[in-house]
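K.L.:
Would you mind keeping the following structure in view while I ask a few things?
The values are calculated or read from the model by the stated rules, or taken from the named source; none is laboratory data. Please read these numbers as outputs of a predicted model, since none were measured by experiment. Here the Cβ positions follow ideal geometry from the backbone for every residue, glycine too, while neighbour counts run over all protein chains shown.
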Amino acid sequence: MAVDVDFVKITPKANDEVIRLVKAEANPDIGLRLAVKGGGCSGLSYDLQFTPQEDGDTIISHEGFNVYMDAKSMIYLKGMQLDFQDGLQGKGFIFVNPNATSTCGCGESFSIT
């Protein structure tokens, strides 16, 4: 199933970093997997991987790569923005999720009430 590219927003900086990492894998079947799993100090945590498409995935086609999500994760990720920071304060992907009612200090886990 394919959905609109605006389902999950990816900033230009994050887009460039994803393209760099996908190219480094040297596998044309690899895409960005965004998921939510149980755990973390707030109850749910983000999971970002570079994997091939799996059965049942929803596919969002972005410039230079595909985003793969399972149906359960889509409930929690709709409207989320993925950004990338590479400054002095740290380096990595940042999740900005309007569905989260609380987040932990590390920004890697969240809860929804």
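K.L.:
Can you pull out the strands (runs of 3 or more DSSP E) entirely within segment 71-113 that have at least 3 residues that are within 16 Å of the chain's Cα centre (by Cα), under 17 Å from residue 37 (Cβ atoms) and at pLDDT 85 or above?
P.N.:
By residue number, no strands (runs of 3 or more DSSP E) qualify.
K.L.:
Right, another one. Can you tell me which residue in segment 27-36 is farthest from residue 78 (Cα to Cα), limited to those that are at pLDDT 90 or above and surrounded by fewer than 20 Cβ atoms within 10 Å (Cβ to Cβ)?
P.N.:
27
K.L.:
Further, regarding this structure: Does residue 60 fit the bill of being touching a helix residue (DSSP H, G or I) at 6+ places or on another chain (Cβ under 7 Å) and either surrounded by fewer than 13 Cβ atoms within 10 Å (Cβ to Cβ) or more than 25 Å from residue 98 (Cβ to Cβ) (or both)?
P.N.:
Taking the combined requirement at face value, the residue does not satisfy it.
K.L.:
So, one more: Any idea which residue in segment 37-57 is surrounded by the most Cβ atoms within 10 Å (Cβ to Cβ), counting only those that are in contact with a Phe, Trp or Tyr (Cβ under 7 Å, 6 or more places away or on another chain) and modelled with pLDDT under 90?
P.N.:
Residue satisfying both the conditions and the ranking: 46.
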